[in-house]
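A.B. asks: Please see the structure below; I have some questions.
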Amino acid sequence: MQFTEAQLSQWLAGFLWPLMRIGAMLMVAPIFSVRQVPVRLRLLLAVLITLVVQPVLPPAPVVSVFGADALLIALQQIVIGVALGFVLQMAFNALIFAGQAMAYSMGLGFASMMDPTNGVQVPVVAQFWLILAMLAFLMLNGHLVLISAIVETFSVLPVATDGLTRAGIWELVSWASRMFAAGVLMATPVIISLLLVNIGMGVVSRAAPQLNIFAIGFPITLLMGFVLIWMTIPQVMNSFGGLVTEAFARSALVLSTR
């Protein structure tokens, strides 16, 4: 049995370029990109997914893997995978932004802990929302939807020297503002309610100056903050679910913009 150089190059390209797109997505996407997941495990998962989905993928272009066109194709696959993971990552960062706004409003901005996703210190309230979001994402099989989405990109945007256009990249960048708008929308009920509580504390301090407003106001604000968080969990999770759905829809729009 003999194999030609063209056949070997075709087989290598049919495996290598999908691996680059899937691996880039796993390195950026939520859940998979946390520091607790070793890089070797992510690489192994990318190889396994590529081996499973390779038979159903469109055929790769006949290009030498060691040529200039192959370098352009490899860069395009990495950009496409990073774009899909980045859009979904912004949905999770919107929830972190909302948690930080809630924490600063209720006086827990000083209580921070390590965020396993980004490796930075974030308020405990933001970490609480992030854990809930990860659990909800896994319970709704969001990781499977993400893998299915990256596989569908090979039909929408096949492996070629041309990939994401300037219009697609602009759509991706412009959607970043949605992260801040969604975060403010999630945190608005808690912020407004705590603002009213603080206004009430100000009225009390003016009516009874002898009271130590700091000793009384901080426990009340803290208690009301926890009560409001407990009451707004369904609304925040619904908003997060809608944001994730919008992220998948926007990623499909970005990848289909040619």
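A.B. asks: In region 177-220, what residues are surrounded by 15 or more Cβ atoms within 10 Å (Cβ to Cβ), farther than 23 Å from F92 by Cα and in contact (Cβ under 8 Å) with a residue 60 or more places away in the chain?
C.D. replies: Correct list: L194 only.
Conditions (1) at pLDDT 75 or above; (2) under 19 Å from M20 (Cβ atoms), marked per residue:
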{"residue": "F66", "(1), (2)": "no, yes"}
{"residue": "F86", "(1), (2)": "yes, yes"}
{"residue": "A98", "(1), (2)": "yes, no"}
{"residue": "T117", "(1), (2)": "no, no"}
{"residue": "Q121", "(1), (2)": "no, no"}
{"residue": "T153", "(1), (2)": "yes, yes"}
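A.B. asks: Could you identify the single residue in L48, L26 that is more than 26 Å from M90 (Cα to Cα), in a helix (DSSP H, G or I) and at pLDDT 85 or above?
C.D. replies: Unique residue meeting the criteria: L48.
A.B. asks: Let me ask something else about it. So S174 passes all but one of these: (1) exposed (fewer than 12 other Cβ atoms within 10 Å of the Cβ); (2) under 19 Å from V244 (Cβ atoms); (3) at pLDDT 80 or above. Which condition number does it fail?
C.D. replies: (3)
A.B. asks: The conditions are (1) at pLDDT 85 or above; (2) surrounded by fewer than 16 Cβ atoms within 10 Å (Cβ to Cβ); (3) closer than 18 Å to L75 by Cβ, and L12 fails exactly one of them. Which is it?
C.D. replies: Tallying (1) at pLDDT 85 or above; (2) surrounded by fewer than 16 Cβ atoms within 10 Å (Cβ to Cβ); (3) closer than 18 Å to L75 by Cβ, L12 fails exactly one: (1).
The values are calculated or read from the model by the stated rules, or taken from the named source; none is laboratory data. None of these values were measured; they are calculated from a predicted model. In this analysis, Cβ positions are derived from the backbone assuming ideal geometry, glycine residues included, and neighbour counts consider all displayed protein chains.
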